[in-house]
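The values are calculated or read from the model by the stated rules, or taken from the named source; none is laboratory data. Here the structure is a predicted model, which is why all the values come from computation and not from measurement. Here the Cβ positions follow ideal geometry from the backbone for every residue, glycine too, while neighbour counts run over all protein chains shown. The accessibility values were calculated without ligands, DNA or RNA, using every heavy atom of the protein model including side chains. Shrake-Rupley method; radii C 1.70, N 1.55, O 1.52, S 1.80 Å.
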Amino acid sequence: MKKKIAFIFVNVIVTEIFILLACTVFRESYMRFWETLSRLGESLQYLWCMLTGKVCEAPRLNQSYVLGNIHILPQSFDGFIRNVKAYFSLLVNSANLHSFGGQAGERLTVLFAVVLIGIPLVIALSFILKAIYRKPNIRYDVDSVPLRIFKKISGVTYQPIKRFMQEYFEGLKGNRKLKIAWLMIWLFNLNVVSIGTAFSAYYFYFAASFDFGSIYRQICMLLADMYLGLNKIPWWVLLGALLLLFNRWRHKKAFKRLYRMEARNCGFINELPIVSMTCGSMGKKKTTVITDMALSQAVMFRQKALEILQKTDMKFPFFPWIAFENELKKCMEYRCVYNLATAKEWVDKKRKRFEAHGNFMWQLYGYDGARYGMTYMDELKEESIFDALKTYAQGYFVYVVHSSLIVSNFSIRTDDFLADQGNFPLWVNDFFPKGIAANSRFANILDFDVLRLGKKVLEHNERSGSFEFGVVAITEVGKERGNNLELKEVKKSTEETNQKNDLFNGWLKMCRHSATIDNYPFIKVFTDEQRPASWGADARDLCDILTIIESGEQRLAFPLYIFEETISDILFSMFLRLYTDLRFLRGDNTLLIHICKSVTSAVYKRNVRIYNRYGYCVAKIEKERGTQDGKKEKKKYFLMNKKIYSRRFSTDCFSDYFNCLAKKTDVGIMDYMAYETEKASVEELKMQNSYFINSLYKEDADFGSH
């Protein structure tokens, strides 16, 4: 309660200060606003006279008693041309260049003097600090006396003020009315409202007169209006505001670049067939690429479903679609509709009931079929309203289903969420949000039995046949399916389920049939493996093979960041040298390290956040047919840090298997036997349990027996 009262008190004080500044410092801006308001009235009167054929005086747009003698540019265009010529003539004037060189030399002399004085001071300070901190100790995690004093002073001054300001600005974000009031005050203070009013006045005057000769004079008035609002602001405030605006521009520019890269990625994914295989050596980001593709494809499926809904809506634009959606949502809630097959069955039942009873109110929600029609003709075919309802039901199911559309054999996190106010819901699918996304869900666990048309691992698996549409992501597909050589001894006729009798490849060839809505297949299979040959040719021939040639170095979409990055790198490297030396010598906490850590960590964190938000790398890919008999195409795929590395997946997705193996033993790397010399002895070679070494000594034993 006390903080709330304090916040209100601060709001009142700040508002009173703003009003006081408006009445004193920025008083002329309000006078100018009244003047431009009267000029706007004159312009409207002049326009009315021109439209009605009456004669009246032109508005006094070039006259201002408030602006007075503010002249940023010459008063006439001819004077502006003369001044421009004079300016450029000074650039080649020897006397002017000599004067400029003299002034530059004076300033450089002052700069050199400061540097020469500063260098000994820096050297002396470094020697003093080394003398103070050179003495080693092992006082673990004990604060030095200067640091304790600093923390006590900071604890009663800086820290409370910092916490109060953080909480105040956090609360101010939700006070929309107050922010609008403050914004309006400063729009008047900075003469922005007057500029808008003056522009409107000139716009209406120009619309009536087409006076092109007055344009230059209006530019002069505009600059004078801007000067009137800005000349009362201190230069350092203007510089800070410009830096903030510049930084905001850089953020917007970076986001545009990221969205452009995502659009290019989506275009690349759309070119792929239903099944694709990403290959490359270890560390080339194969799993990263298919995860990125799966995330983008899931979003594109939602967008395509929305597009189908919109197009179907236009076929029967006056049908009460929202009533149809509400009934379908209830059916989904009560599990009457839980997949595409039941959605089609539900619409078929409505069709039969309508054909039996002909009741528009019960089955078509009061739709006026006689007035708006019951069929749609697109010059290719005639489609009944129930055909459109069947398409709409399937598209709506794909669009609103509260589940990830990704099914995978490794976990993938998504951040999309459905915003719904009771009408038509909208998906929020931003891969580049500010901060950490609050709504997350994970990919569905891939039960391979749902993809097998033949024998199953679980004979009576309740999920068999349930998969219809979605994004399937399979990492290390060759280890799951095997290649022709590995399956040479596997028999199709065996009782156990294996790669030859489970008809998984048959599902790959026919999977689009269950996933097609309005001629669009809502199915994509992304796989990865180190070598294309690791997967059998029968399945591989269906794919496009994407070979990652190079994953690329980190780049930055954030423009003009090189200067800040250089400062960060220099500061961080200097701090690391100092910090490592002091960590070696001392175990206590010192004031020097505390201050250096605070400054360096702030710069380092900003640099890391910029790279995490706007960093990306370009994966160079060669695309070819699965038969590997066609020409390879060179492609690029953009991996953006904010999208793919926001805890989306784990690169060591099978590590728990090895963790279990390690936990079962009582031995670690520190328990391994080490070589005694630079050359392994016979006993040490035999300790390797090597096929090669064992074969050598076995042959020696056999030879000795003969």
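Figures for the structure shown
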quantity	calculated
3 or more residues within 30 Å of residue 219 (Cα to Cα), among the aromatic types (Phe, Trp, Tyr) and open to solvent by less than 70 Å² (accessible area, probe 1.4 Å): qualifying helices (runs of 4 or more DSSP H) within region 76-182	none
Pairs with Cβ under 7 Å, 6+ apart, first in region 135-159 and small (Gly, Ala, Ser), second surrounded by 11 or more Cβ atoms within 10 Å (Cβ to Cβ)	144/588; 144/589; 144/590; 144/591
Of all residues making up region 414-433, the number that are open to solvent by less than 50 Å² (accessible area, probe 1.4 Å) and of a type in the set (Phe, Trp, Tyr)	3
Region 1-55 - residue that is of a type in the set (Lys, Arg) and open to solvent by less than 90 Å² (accessible area, probe 1.4 Å) and, of those, farthest from residue 175 (Cα to Cα)	39
Qualifying residues in region 435-449 (those that are of a type outside the set (Gly, Ala, Ser) and without any contact (Cβ under 8 Å) to a residue 24 or more places away in the chain) - the one least open to solvent (accessible area, probe 1.4 Å)	449
Close pairs from region 11-25: first closer than 12 Å to residue 188 by Cβ, partner assigned to a helix (DSSP H, G or I) and among the hydroxyl-bearing types (Ser, Thr, Tyr), Cβ under 9 Å, at least 6 apart	22/29; 22/30; 23/30
Top-ranked residue in region 455-464 [being in contact with a helix residue (DSSP H, G or I) (Cβ under 7 Å, 6 or more places away or on another chain) and within 28 Å of residue 399 (Cβ to Cβ); ranked as surrounded by the most Cβ atoms within 10 Å (Cβ to Cβ)]	464
Qualifying residue in region 592-610 (condition: among the basic types (Lys, Arg) and either at pLDDT below 90 or assigned to a loop (DSSP other than H, G, I, E, B) (or both))	yes
Matching residues in region 405-436 - criterion: being at positive phi and within 23 Å of the chain's Cα centre (by Cα)	435
Hits in region 314-327 - residues which are open to solvent by 30 Å² or more (accessible area, probe 1.4 Å) and out of contact with any helix residue (DSSP H, G or I) (no Cβ under 6 Å at 6 or more places or on another chain)	314, 317, 320, 322, 323, 326, 327
Scope region 262-273; condition farther than 22 Å from residue 642 by Cβ and either assigned to a helix (DSSP H, G or I) or modelled with pLDDT of 95 or more (or both); matching residues	270, 271
Filter pass, residue 339 being open to solvent by 20 Å² or more (accessible area, probe 1.4 Å), under 30 Å from the mean Cα position of the chain (by Cα) and within 30 Å of residue 643 (Cβ to Cβ)	no
In region 635-663, residue nearest to the chain's Cα centre (by Cα) [restricted to those that are among the polar types (S, T, N, Q) and modelled with pLDDT of 85 or more]	641
Residues within region 370-413 that are open to solvent by 20 Å² or more (accessible area, probe 1.4 Å), of a type outside the set (Val, Ile, Thr) and in a strand (DSSP E or B), tallied	5
Residue 685 being at pLDDT 85 or above, touching a Cys at 6+ places or on another chain (Cβ under 7 Å) and surrounded by 10 or more Cβ atoms within 10 Å (Cβ to Cβ)	no
Scan of region 555-576 for residues that are open to solvent by 90 Å² or more (accessible area, probe 1.4 Å) and touching a residue at least 40 places away in the same chain (Cβ under 8 Å), ordered by number	555, 560
Residue in region 206-249 that is surrounded by the most Cβ atoms within 10 Å (Cβ to Cβ), counting only those that are assigned to a loop (DSSP other than H, G, I, E, B) and among the charged types (D, E, K, R)	232
Residues (under 22 Å from residue 618 (Cα atoms) and either at pLDDT below 95 or not polar (S, T, N, Q) (or both)) located in region 297-341	298, 299, 300
The listed residue being in a helix (DSSP H, G or I) and either among the charged types (D, E, K, R) or surrounded by 17 or more Cβ atoms within 10 Å (Cβ to Cβ) (or both), out of 502, 538	538
Condition broken by residue 337, with the remaining ones in (1) of a type in the set (A, V, I, L, M); (2) in contact (Cβ under 8 Å) with a residue 60 or more places away in the chain; (3) farther than 30 Å from residue 649 by Cβ; (4) part of a helix (DSSP H, G or I) satisfied	(4)
